[in-house]
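The values are calculated or read from the model by the stated rules, or taken from the named source; none is laboratory data. Keep in mind that what you see is a predicted model, and the values were worked out from it rather than measured. Neighbour counts run over all protein chains shown; Cβ positions are idealised from the backbone, glycine included. Heavy atoms of the whole protein, side chains included, go into the accessibility calculation; ligands, DNA and RNA do not. Shrake-Rupley method; radii C 1.70, N 1.55, O 1.52, S 1.80 Å.
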Amino acid sequence: MRTIEIFDTTLRDGEQSPGVNLSLNEKVEIALQLERLGVSRIEAGFAAASPGDLLSVAEVAKRVKDATVISLSRSKTVDIDKSYEAIKHAVNPGIHVFLATSPIHREHKLRMSKEEVIENAVASVKYAKQYVSHVQFSCEDAGRTEIPYLAEVVRAAIAAGATVINLPDTVGYLTPAEYGNMFREIRRMVPEVDGIKLSCHCHDDLGLAVANSLAAIEAGVTQVEGTINGIGERAGNTSLEEVVMALETRKDYFNVHTNWHLKEIARTSQLVSRLTGMIVPGNKAIVGANAYAHESGIHQDGVLKEKSTYEIIKPETVGYKSNLLVLGKHSGRHAFKGKLEELGYHLESEQIDKTFAEFKILCDKKKEVTDDDILALIDAKMAEQEELYSIESIQLAYGNQTTPTASVRIVTSDGVVREEASVGNGSVDSIYKAIDRAVGEDFTLIDYRIVSVTTGQDALGEVFVRLQQGELFSQGRGVSTDVLEASAIAYVRAINKLIKQRGDVFEPIA
Ligand code: KIV
Ligand code: ZN
């Protein structure tokens, strides 16, 4: 059975989703979970994009132990240098160089002849090769490239030392038959590809990314690229959990296997959704909330008699389990630490103490503390580590016949306190206006969503916000049993991220 290597680009192509901006800690957290999931190649980012991107690729490279950690580079020496700087401490480092090959890109974007593209690709692969042995070369927009010319580029890149050749359908234009045929033709015209890894990378503009990736596997590809939950540029990338579960469920047809630990799928999907703020639609295959729910009476009757009548995947296979009540206010630190480990978190002793203290406070507010509550607490603690501003207190005067007024106390990372008040068009608006005054800046709120983390009247509420300031976007999350507090935390975290993106030297407010 062929093994299909899974190349995850959630942290690079996935992070290119409009409005998504992950912090360094969030990227590390996702990378470690991807490793638990069994991903063998993690594209941690595009190191040359900004000093912040370089730092986070470097941190992921240091923390990941088994998977190959890869940085994307344009076909330019400066990018390749930055990529190497970022991944040089990885146990298994890799550099991914891309250059467009299609006539549209050659003429309008690159303004290069066919020969110049080949020369440039060869020089870049050779340049990257002096740093690392794992060099992937991607022919951007391969799907719209003349196949005989594509074969020439692939042959030249392999001769220059590329160990992986990736042929993306960058604009999500091809049909499964066309995409599969492209790989068959390349394998026929360039037999050398059978000595290296051949990779597919699809975008979902026509909703065909998963189907196209499966067609590529049928045509002999041995590496599939994509993202968790299918997030990414425009309509997104191939949804990796869908590809893996299609290969698993239809092993009889595809006759290939992957190294994924399937039970980690649900947790990975939920983590990516929480940290990116990209909510998974209920009807999404494999990881949607309704993916295993049976509504019609006829279906329910069938499932009660025999599950396989309407269920082709058991929810437990991908890690869904009922929300068990495992810890309560009588649980001690030891049991709590054990639970964290069971959930896949190995925190420092000091972090455990802090999270345990929050857990105890939550036990007083909530009768039942579930795994989801604990995951929400850990996420909140991780975000706190990077805070420039944090909320110390909020007070709100609200009546349905009066204009709400909020006053907030904000503290900077170096302990300066600022208190401000404001009226607003509603409770949340008054809090946000007061926060804007306290930090001395204006932000545009472009998205605001509340999700209930668990069920019941005392459920934790999770608020996602997206902010804009000029050209910059950021998102923030807040979790609390009180949605107004969660709203304030989410807003301040989004401000913190935006300030970091701006790269400001942080000047505490006087
Ligand atoms: O879609 C694409 O072509 C890419 C390349 C950078 C591989 O993401
Ligand atoms: Zn892409």
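Below, the figures for the structure above:
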| quantity | calculated |
| --- | --- |
| Only Lys, Arg (+1) and Asp, Glu (-1) charged, at Cβ; the chain dipole about Cα centre in debye | 680 |
| Angle in degrees between helix 176-189 and the longest Cα principal axis of the chain, rounded to the nearest 10 | 40 |
| Cα-projected label distance for Asp414 with Arg2, points at 7 Å along beta-carbon direction, nm | 5.8 |
| Gyration tensor (alpha-carbon) shape descriptor, segment 209-349, a/c threshold 1.5 | oblate |
| Cα shape, segment 9-159, gyration tensor, a/c 1.5 rule | prolate |
| Within-13-Å neighbourhood charge of Ala266 [Cβ basis; K, R +1; D, E -1] | +2 |
| Extension gain, Glu115 back to Asn181 (0.36 nm per residue minus Cα-Cα distance, nm) | 21.3 nm |
| Stretchable slack from Ser390 to Arg250, in nm (0.36 nm times residue separation minus alpha-carbon distance) | 45.4 nm |
| Solvent-accessible area of Thr170 with every protein chain in place, 1.4 Å probe, in Å² to the nearest 10 | 30 |
| Charge context of Gly180, other residues only, Cβ under 15 angstrom, K/R +1, D/E -1 | -1 |
| Neighbour-limited loop hits for GluC sites (Glu not before Pro), segment 327-374 (at most 12 other Cβ within 10 Å; DSSP other than H, G, I, E, B) | Glu348 |
| Inter-label distance, nm, simple model (7 Å from Cα along the C-beta direction), Asp482/Thr77 | 6.0 |
| For the chain: accessible area per residue (Å², 1.4 Å) | 44 |
| Cβ-derived FRET efficiency at R0 35 Å, Lys365 paired with Val423, nearest 0.05 | 0.75 |
| Whole-angstrom gap from segment 264-316 to segment 418-449, using each part's C-alpha centre | 38 |
| Separation in nanometres of the label points that stand 7 Å from Cα toward Cβ, at Met189 and Leu343 | 5.3 |
| The chain: angle of helix 147-160 to the longest principal axis, Cα-based, in degrees nearest 10 | 80 |
| Heavy atoms of Arg155 accessible to a 1.4 Å probe, total area in Å² rounded to 10 | 90 |
| Stretch gain in nm, segment Glu107-Glu146, where the contour uses 0.36 nm per residue and the Cα spacing is subtracted | 12.7 nm |
| Nearest 10 degrees, 0 to 90: helix 483-502 Cα axis against the chain principal axis | 50 |
| Heavy-atom accessible area ranking, 1.4 Å probe, most first, across Arg144, Arg274 | Arg144, Arg274 |
